[in-house]
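Q: Take this structure, written in C-alpha cells, and hold onto it; I'll ask about it next.
Throughout, read-outs are computed from the coordinates displayed, never taken from laboratory work. In this text the structure is predicted, and so the values were computed from the model without any measurement. Please note: Cβ atoms are built from the backbone with ideal geometry, for glycine as well, and neighbour counts cover all protein chains shown.
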Amino acid sequence: MQAMVLDGVVPYPDEFAERYREKGYWTGQTHSDLLFASAADHADEVAVIAGDRRITYARLAADVSLLAGGFDALGIRRGDRVVVHLPNVPEFVEVVFALFDIGAIPVLALASHRRSEIEYFIEHTGARAYVTIDRHDGFDGAATAAELRETQPTLEHTVIVSSHGGGTDLARLMAGPALPRARRSLPEDVAFLQLSGGTTGRPKLIPRTHDDYLYSVRESDALCGVTDRTVQLVGLPISHNFTMSSPGILGVLAAGGTLVLAANGTPDVAFPLIEEHRVTQAALVPSLALAWLNSALRSRYDLGSLETILVGGAKFSAAAARRVGPELGCGLQQVFGMAEGLVNYTRRGDDEDTIVATQGRPISPDDEVRVVDDDDRDLPDGEEGHLLVRGPYTIRGYYRAPDHNARSFTADGFYRTGDVVRRDARGYLTVVGRSKDQINRGGEKISPEEIENLILGHDAIHDVSVVGVPDESLGERTKAYVIRRDESDGQPSVLGLRRFLRDRGLAPYKIPDLIEFVTEFPLTGVGKTSKRDQRVKGR
Ligand code: J2J
C-alpha cells in the first residue's frame, strides 16, 4: 500500500518521523487496529453505556464492520472526507471507527455547530458525505442535510442518525455485508481532521495521523491510570480533542474500559450517572468543575466511585483546584492541551501545590517546548513568554492553510500556540495569559474575527469589535461593541442582531453574550481599536 496523497497537509520531516519511530513513540497502529485489538481482548465487556443501551466490545466491532461495509458500498474510499456532526451518542463512536476502518477521513464538527460552520467544513474539505442527527438542541438535521445537498456540489451522501438511536439511514447502511478485516490505511496517513479554536476568520482544520495521535492516547492512559476497570463519564462534547484523546474515549477504548455517555456534564445529568454506573473518571472544563463543587446535589448522590477528575480547556483557578480533593473526595489532574498536539498533565503523584497551581508538564520527553519573548528569543525559566512547541504529536501545519501556516509556525516547525506561560525548572507550565486573538468561553474557543465578519454582513452595521470580558463562571464571555450606520434609525436592536446571527446558521455558543451599541471605539496610541480597553470596560 502506498502512502495516502492528501493535498494541503504538511508532513513531519523524514528525520523526525524516523526518530519518533525509533524511539517507539509511533508504533504503526491505526485507529481501526486499536478497536479490533480491544474487541479481541474484551469481547464481552461493556464498551459504551448510553441511556439503557449497553454495547459490548464485540457488538461495537461488529457494528463498525457492518457500517464500514455500508460506507464502502456508497463508494466512500480511503482519503475521502466525511463531516461527522453528532452529539454524545454511541453512533458517533460507530461512525468514526467505520470511517477509520475504510481509511476515510472524519471531519469532526461539534454538535453545537450549525449550518454556517458545516457549510464551511464541506466546502473547505470537499467532503463527499455528511453524517448528522435528526434533532439536537433545536437543530433540525434532516432539513439542514437536505439544504446542503442542494447547495454543496461535492456532497453526494447524507446520513441521518435518529435521536432515538439508530434510524433508517443507519439500518440501510448496516444491512449489507460487513467489510472484512483488512488494512485499508497506513499509520502515517491522516486519520481525521480535528478543529482548532481559530484566531482568524474560520476555524482551521488540524490533520492528525494515526501514529501521532495514538502515541498521545497511549501515554495519556499511562499518565491518567486508565485500565480496563476505568469507567469514564463523557459529558464534554464528544468530538472535542480533550474528549477524544486526553485520555478520552480513545484512551478508554484502547484499555478496554467503559464509556458512559452523558448529554452534558452538569451535576443534574452527571451525578446520577456516576452513582448508577460507578464512574471512576471524568473530564471537565473549569466552569463544570466549579458547578460540581458548588452543587447542592452533591449530598444526594454517591460519588464515592470517582477516583479522578481531569480539568482543562481553560485555566482552572488554584482556589477552586484546592477544593477538589476535600470536597469531591477524588483526585485532580490538570490538563493543558490543544487540538494541534501538545498535551500537559499534572502527574498523579505530584505534590498539592504543583497540582493546584500548574497546568502540568508535557507528555513526551521529545516535546520540545520553548518559552520566548516577542522576538522569538528564549527566556529563562520562571519568566512569562510565548509558548512554542514541536514534537511527536504536534502538527507541522493546518490543513489547506499555507498563509496561516507561515504565521503560526516557525521556519523550523515549531507551532506558535498563542499561549503565554511560565515554565519552572522541572518543566511544569503555568498558563498566565494569551497573545492570540481568541476568546475562551469556558473552554469553547471563539475567533472574534469570525463573528465580526458575520456581523459586518448586516446592512445597517458600520463597524464591530468583539472581545472577551471577564466572567466568574465561564472565565470569559463574549461582548460585541457595535456601531450602527448613521441612517440605521436605531436598527437592528440587540434582539434583532442576535436573530440575524442565528438566521445565518451560526453556532449558538458564538452568538455574543452581550451586545452594546456605541458611536465610537476607544483607540490605542497608534489609532487602532483598543480591544484591551473594551475588555476592561465590558465587564
Ligand atoms: C489554560 N488554558 C488552557 C488549561 C487548554 C486536553 C485539554 C484541553 C484541550 C483544549 C485539548 C488549558 N489552562 N488547562 O485539546 O487534548 C487553552 C489554551 C490552548 C487552547 C487549546 C486537550 N487547556 N487551554 O482545550 O484546541 O489556550 O484544546 O492553546 O480546544 O485552550 O484549545 P483546544
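Q: Can you list residues from other chains, or at least 5 along the same chain, whose modelled amide H is less than 5 Å from the amide H of L310?
A: A282, A283, L284, Q333
Q: Given 0.36 nm per residue, what is the gain on full extension from T410 to K528 after removing their alpha carbon distance, in nm?
A: 39.8 nm
Q: Could you list S530, S163, S245 in order of exposure, starting from the residue whose Cβ has the fewest other Cβ atoms within 10 Å?
A: Ranked by crowding around the Cβ, least crowded first: S163, S530, S245.
Q: Also, I was wondering about something else. Would you please put 448-460, 101-113 in order of how densely packed they are, using the mean number of other Cβ atoms within 10 angstrom per residue and starting with the highest?
A: 101-113, 448-460
Q: Determine, at each q value in 0.12, 0.19, 0.23 (inverse angstroms), the log₁₀ of I(q)/I(0) that the Debye formula gives when each Cα of region 1-56 is one equal point scatterer.
A: So the normalised log intensities are -0.54, -0.84, -0.98.
Q: Which residues in region 182-209 place their backbone N less than 11 Å from a point set 7 Å from the Cα of A3 along the Cα-to-Cβ direction?
A: Answer for this model: 188-190.
Q: Can I ask one more? Quick one: order R181, R423, R323 by neighbouring beta-carbon count within 10 Å, fewest to most.
A: Listed from fewest to most nearby Cβ atoms, that is R181, R323, R423.
Q: Given points 7 Å out from each Cα along the Cα-Cβ axis, report the E22 to R504 separation in nanometres with one decimal.
A: In this crude spin-label approximation the distance works out to 5.1 nm.
Q: For a quick size check, give me the Cα extents of region 3-128 along its three principal axes, largest first, whole Å.
A: If we take the Cα atoms of region 3-128, the spans are 47, 42, 28 Å.
Q: Can you give the alpha-carbon Rg of region 59-189 over 2.2 N^0.38 Å, where N counts its residues?
A: Here the answer is 0.98, to two decimals.
Q: If the cut-off is 16 Å between C-alpha atoms, which lysines fall inside it for K315, apart from same-chain ones fewer than 8 positions away?
A: Cα-Cα hits under 16 Å: K436, K445.
Q: Mind listing the long-range amide H neighbours of V159? Cut-off is under 5 Å, sequence gap 5 or more, other chains count too, H placed in the peptide plane at 1.01 Å from N.
A: Result for V159 returns Y130, V131, T132.
Q: Additional query: Using only Cα atoms, locate the centre of region 243-264 and the centre of region 170-214, then give the distance between them in Å, rounded to an integer.
A: Their Cα centres are 17 Å away from one another.
Q: What fraction, in whole percent, of alpha-carbon pairs in region 224-312 exceed 18 Å separation?
A: That fraction is 35 percent.
Q: Calculate the all-directions average of the projected area of region 415-539's alpha-carbon convex hull, and give it in nm².
A: 9.7
Q: Let me ask something else about it. To the nearest µm²/s, what D does Stokes-Einstein give for region 104-172 at 10 °C and 1.306 mPa s, using the Kirkwood radius over alpha carbon pairs as Rh?
A: 130
Q: So if I place +1 on the C-beta of Lys and Arg and -1 on the C-beta of Asp and Glu, and nothing else carries charge, what would the dipole magnitude of the chain be about its Cα centre? I want it in debye, nearest 20.
A: Roughly 460 debye for the chain.
Q: Would you work out the Kirkwood radius for region 332-463? I mean one over the mean of 1/r across all pairs of different Cα atoms, in Å.
A: 16.2
Q: Turning to a different aspect of this structure: D437 versus A142, label points 7 Å from Cα toward the beta carbon: distance in nm?
A: Those two pseudo-labels are separated by 4.2 nm.
Q: For H240, H136, which order do you get if you count the other beta carbons within 10 Å of each Cβ and list the fewest first?
A: So the ranking, lowest neighbour count to highest, is H136, H240.
Q: What are the ³J(HN,Hα) values, in whole Hz, obtained from phi via the Karplus relation 6.51 cos²θ - 1.76 cosθ + 1.60 with θ = phi - 60°, for each residue of region 47-61 in sequence order, with x given for Gly and Pro?
A: 8, 9, 10, 8, x, 9, 8, 10, 10, 6, 4, 4, 4, 4, 5
Q: What is the Å³ per residue value for the convex hull set by the Cα atoms of the chain?
A: Cα convex hull per residue, to the nearest whole number: 154 Å³.
Q: Distance between the C-alpha centers of region 511-529 and region 276-335? Whole Å please.
A: Taking the Cα centre of each part, region 511-529 and region 276-335 sit 37 Å apart.
Q: Considering the dipole of the chain built from charges on the beta carbon (Lys and Arg +1, Asp and Glu -1) around the Cα centre, which of S185, S447, S65 is farthest to its positive end?
A: S447
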